[in-house]
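Colleague: Before I ask anything, here is the structure I am working with.
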Amino acid sequence: MPISLEGKTVIVTCATQDLGRTIAQRFLDAGAMVMLADGDEKAPANAEAGLIGDEERFARFHYVAQDKLCITNLIAATTERFGEIDVLVNSAQNAVTQGQFLEISVDDFDASIGPNVRAVFQLSQAVAKRMLEKERDEDEPAGTIVNISSIAARRTVPGLLAFSVASAALEQLTRSMAASLAGHGVRVNAVAIGGVLTERLKEAMREHDDLREDMIRVTPMQRLAEMDEAADTALFLASPHASYITGQIVAVDGGRTLLDPLSSPNR
């Protein structure tokens, strides 16, 4: 059955990057109105130009994560343009800080926790409060929140220690938010991606010739995923088709998290 979110308003963060842009397009295809939020002041215009759909149904906003005033202004701009907020997709992922335990500094560690966890907490809290303020029927949901995480939360790569810890924290934040908001009519879930062909992964494969082959070897489905597959999962979790699902982390990884790495020739 096709998913329709006609008349619903969605905020997508990190909307100029490949996965965020793909997610935004999926929601537009489903009939939603989309606010593209991103920290690059010029980039959202490029993302907007690349979207397909009625131009009256999407807009852009220069969003600085962890800035209280910017969060307030993002919510105000969204409601002024489209009305109430029905869905928030936190799609930003920052894996820039690399290094093993004895190598990374406290500042490097904080640089991963901030954008991957604190930023999601701050924006989600503010948006959830707005969702609860809107007028609705008693049995009508107040809204949904979808966080984009990574299987790094469970499949640790020593060189990505800070990102792995941040991803694990984001998944626990997702569950805690879900438990707190369930009684208020807000569902919260996450999509944990692994082996999804984002630009970041493509760049890593260009730097490491064997990476693609190695990843496919340890993936039961024997292939990598297109970004559309992760975006479709986010759309489903935000839709009425997932009306009894909350607090769940859905892995889009081709089955990689099912395997014991010791049983794989590539560990």
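Colleague: What number comes out for the charge environment of residue 194, summing +1 per Lys or Arg and -1 per Asp or Glu over other residues with Cβ under 12 Å away? Intermediate values should be presented prior to the final figure.
Modeller: Numbers: positive: 154, 155, 256; negative: 229, 253.
So the surrounding residues net to +1.
Colleague: State the answer as a single residue: which of 89, 117, 69 lies farthest towards the positive end of the charge dipole of the stretch 58-144, with beta carbon charges of +1 for Lys and Arg and -1 for Asp and Glu, about the Cα centre.
Modeller: About the Cα centre, the residue reaching furthest to the positive side is 69.
Colleague: Extending each Cα 7 Å along its Cβ direction at residue 209 and residue 248, get the distance between those two points in nm, one decimal.
Modeller: That separation, rounded to one decimal, is 4.3 nm.
Colleague: Multiplying the sequence separation of residue 72 and residue 257 by 0.36 nm and subtracting their Cα-Cα distance, what value in nm do you get?
Modeller: On the way: separation 185, 0.36 × 185 = 66.60 nm, distance 3.78 nm.
So the chain would gain 62.8 nm between residue 72 and residue 257.
Colleague: Moving to a separate point now. How charged is the neighbourhood of residue 178? Take every other residue with its Cβ under 13 Å from the Cβ of residue 178, and add Lys/Arg as +1 and Asp/Glu as -1. It would help to have the intermediate numbers written out before the result.
Modeller: On the way: positive: 175, 187; negative: 171.
After counting each charged neighbour, the total is +1.
Colleague: Let me ask something else about it. Return, for the Cα atoms of the chain, the radius of gyration and Dmax in Å, separated by a comma.
Modeller: Using the Cα atoms of the chain, the pair Rg, Dmax is 18.2, 56 Å.
Colleague: In the stretch 188-261, with Lys and Arg counted as +1 and Asp and Glu as -1 at Cβ, which of these residues, 188, 219, 198, has the Cα nearest the positive end of the dipole, that is, farthest along it?
Modeller: Of the candidates, 188 comes out farthest on the positive side.
Colleague: Give a residue-ordered list of calculated ³J(HN,Hα) values for the stretch 173-183 (Karplus: 6.51 cos²θ - 1.76 cosθ + 1.60, θ = phi - 60°; whole Hz; x for Gly, Pro).
Modeller: For the stretch 173-183, the Karplus curve yields 4, 4, 5, 5, 4, 4, 5, 6, 9, 4, x Hz.
Colleague: Find the accessible area per residue for the chain; the probe is 1.4 Å, ligands and nucleic acids are left out, and the unit is Å². Before the final figure, lay out each step's value.
Modeller: Working: 13460 Å² over 267 residues.
That works out to 50 Å² for each residue.
Colleague: Hey, can you grab everything whose amide H is under 5 Å from the amide H of residue 157? Only 5+ residues off in sequence or another chain; H modelled, so Pro and N-termini drop out.
Modeller: none
Colleague: Could you calculate the contour length gain from residue 129 to residue 202, that is, 0.36 nm times the residue separation minus the distance between their Cα atoms, to one decimal place in nm?
Modeller: Numbers: separation 73, 0.36 × 73 = 26.28 nm, distance 3.77 nm.
Gain in length upon complete extension: 22.5 nm.
Colleague: Among 102, 148, 132, which residue has its Cα positioned farthest towards the positive end of the charge dipole of the stretch 60-163, with +1 placed on the Cβ of Lys and Arg, -1 on the Cβ of Asp and Glu, and the dipole taken about the Cα centre?
Modeller: Going by the Cα projections, it comes out as 102.
Colleague: Can you give the charge dipole size of the chain about its Cα centre, rounded to the nearest 20 debye, using +1 on the beta carbon of Lys and Arg and -1 on the beta carbon of Asp and Glu? Spell out each step's value before the answer.
Modeller: Working: 25 positive and 38 negative charges, 106 e Å.
Rounded to the nearest 20 debye, it is 520 debye.
Colleague: Placing unit charges on C-beta atoms (Lys and Arg positive, Asp and Glu negative, everything else neutral), compute the dipole magnitude of the stretch 166-267 about its Cα centre in debye, rounded to 20. Please list the in-between numbers first.
Modeller: Details: 10 positive and 14 negative charges, 71 e Å.
It works out to roughly 340 debye.
Colleague: All other residues with a Cβ under 9 Å from the Cβ of residue 162 taken together, and with Lys, Arg as +1 and Asp, Glu as -1, what is their net charge?
Modeller: Values: positive: none; negative: 108, 110.
The answer is -2.
Colleague: A further question on this structure: Just to check I understand the Karplus step: with θ = phi - 60° and J = 6.51 cos²θ - 1.76 cosθ + 1.60, what whole-Hz values come out for the stretch 8-19, glycine and proline as x?
Modeller: Values, residue by residue: 8, 10, 10, 9, 10, 8, 6, 7, 8, 7, 3, 5 Hz.
Colleague: Carbon and sulfur: what percent of the chain's accessible surface (1.4 Å probe)? Write down the numbers at each step before the final one.
Modeller: On the way: 6870 of 13460 Å².
Within the chain, the accessible surface is 51 percent carbon and sulfur.
The values are calculated or read from the model by the stated rules, or taken from the named source; none is laboratory data. Bear in mind the structure is a predicted one, so any value in this text is a computation, not a measurement. For neighbour counting, all protein chains shown are included, and Cβ atoms are generated from backbone atoms with ideal geometry for every residue, glycine included. We work out accessible area using only protein heavy atoms, side chains counted, and drop any ligands, DNA or RNA first. Shrake-Rupley method; radii C 1.70, N 1.55, O 1.52, S 1.80 Å.
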